[in-house]
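Novice: Supplied in structure tokens, the structure appears directly below.
The values are calculated or read from the model by the stated rules, or taken from the named source; none is laboratory data. Owing to the predicted nature of the structure, the values given are computational and were not obtained by experimental measurement. Reconstructed Cβ throughout: ideal geometry from the backbone, glycine too, with neighbour counts over all protein chains shown. Just the protein is used for accessible areas: all its heavy atoms, side chains included, with ligands, DNA and RNA removed. Shrake-Rupley method; radii C 1.70, N 1.55, O 1.52, S 1.80 Å.
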Amino acid sequence: MRLADGRLAALSWGDARAPTWLALHGWLDNAASFARLAPLLVERLGIRIVALDFAGHGHSRHLTGEGHYALWDYCHDVLDALDALGLERIPLLAHSMGAGVACLLAASLPERVENLTLIDGLGAVTTAPSASPRQLRKGLMARRRSRSTAPRYADIESAVAARVAGSATPIDAETAAPLVERNLEALAWGEWRLRSDPRLRWASPVRLTPDQVLAVLGAIRCGVLLIEGEHGILAEREGMARGRAAVADLTRRVLPGGHHLHLEPERVDAVAEAIAAHVQGVDRS
């Protein structure tokens, strides 16, 4: 799909007349993050899922000019997609960075968010006030450096291997393959090039503080299902217990798997079952 005057790309599963969920992927991922989970949810819940490529990711356009990609700017991608789809209020299914975007929206524009299903993500990566000058330095210096060119690969397998080797969180080739394949562009001479904007790797000059994120989580009034991987990133992130406690209506499920458990072939069915059980009101956790 193309949305927002062609600025955003998306993938969809299910009947266009069915109730729609919007799915939001993580940093350096794309809409194919939901390629294995979405068909299962469509079948079990009778819904339609539209998964976005955030700006700079997948098939969506890169930012113009020299700006950074800020977490809160992705909220406009979601709002633009909702407007393009003619949807006023919608459930959000979100992973990792996408979960952070979903939390910001649910807190600031609760009239647009029906409920949240978050996968190994809650709130946002933070910077303590005392570390703000150092974080600003990182962001300023990143922009001053020459912009890197997109890596090129001889074949898809090489690109997948590079993603596995360079991933910020552990991921295997079978799990990474859908993400990498959607993020590749074929060149005329047989090589492959990444579509994603190299600026996505720039350090953010400004981040929310821990107290600001707690305030965001405390402002969420819709129901939240949080699914964590046993070997995901939330267990080791400082302040997660306080973050979960700040959400008024949160159900937590910890399932086998890593950070991308919703894309792991052997784990995705359990993720779908947990979501379906919660939606259908038979969650016994």
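Novice: All but one of (1) in contact (Cβ under 8 Å) with a residue 40 or more places away in the chain; (2) of a type in the set (A, V, I, L, M); (3) open to solvent by 20 Å² or more (accessible area, probe 1.4 Å); (4) part of a helix (DSSP H, G or I) hold for L63; which doesn't?
Specialist: (4)
Novice: Of the residues D53, D80, D29, D5, which is surrounded by fewer than 20 Cβ atoms within 10 Å (Cβ to Cβ) and on the phi < 0 side of the Ramachandran plot?
Specialist: D80
Novice: Specify which of the listed residues (A142, A173) is in contact with a Lys or Arg (Cβ under 9 Å, 6 or more places away or on another chain) and touching a residue at least 60 places away in the same chain (Cβ under 8 Å).
Specialist: A142
Novice: Out of curiosity, is H76 at pLDDT 95 or above, of a type outside the set (A, V, I, L, M) and out of contact with any helix residue (DSSP H, G or I) (no Cβ under 9 Å at 6 or more places or on another chain)?
Specialist: yes
Novice: Out of everything in the range 141-155 that is open to solvent by less than 100 Å² (accessible area, probe 1.4 Å) and over 24 Å from the mean Cα position of the chain (by Cα), what residue ends up being nearest to G65 (Cα to Cα)?
Specialist: Checking each candidate, the answer is M141.
Novice: Okay, moving on. Right, P198: in contact with a Lys or Arg (Cβ under 7 Å, 6 or more places away or on another chain) and closer than 30 Å to R147 by Cα or not?
Specialist: For P198, the condition - in contact with a Lys or Arg (Cβ under 7 Å, 6 or more places away or on another chain) and closer than 30 Å to R147 by Cα - is met.
Novice: From the set of residues in the range 162-195 that are at pLDDT below 95 and within 16 Å of D29 (Cβ to Cβ), which is most open to solvent (accessible area, probe 1.4 Å)?
Specialist: P170
Novice: Residues to consider are L250, L263; find the one that is open to solvent by less than 30 Å² (accessible area, probe 1.4 Å), in contact with a Lys or Arg (Cβ under 7 Å, 6 or more places away or on another chain) and within 29 Å of R89 (Cβ to Cβ).
Specialist: Just a single option satisfies the conditions, and that option is L263.
Novice: Right, here's the next one. Tell me which residues, restricted to the range 196-209, are under 26 Å from S158 (Cα atoms) and open to solvent by 70 Å² or more (accessible area, probe 1.4 Å).
Specialist: R201
Novice: Could you go through the range 75-85 and let me know if any residue there is β-branched (V, I, T), touching a residue at least 12 places away in the same chain (Cβ under 8 Å) and part of a helix (DSSP H, G or I).
Specialist: yes
Novice: Now for a separate question. I'd like the full set of residues that are open to solvent by 10 Å² or more (accessible area, probe 1.4 Å) and either part of a strand (DSSP E or B) or at negative phi (or both), limited to the range 92-122.
Specialist: Scanning the range 92-122 gives M97, L104, A107, S108, L109, P110, E111, R112, E114, N115.
Novice: Right, something else. Can E228 be described as in contact (Cβ under 8 Å) with a residue 24 or more places away in the chain and either within 17 Å of the chain's Cα centre (by Cα) or surrounded by 17 or more Cβ atoms within 10 Å (Cβ to Cβ) (or both)?
Specialist: Taking the combined requirement at face value, the residue satisfies it.
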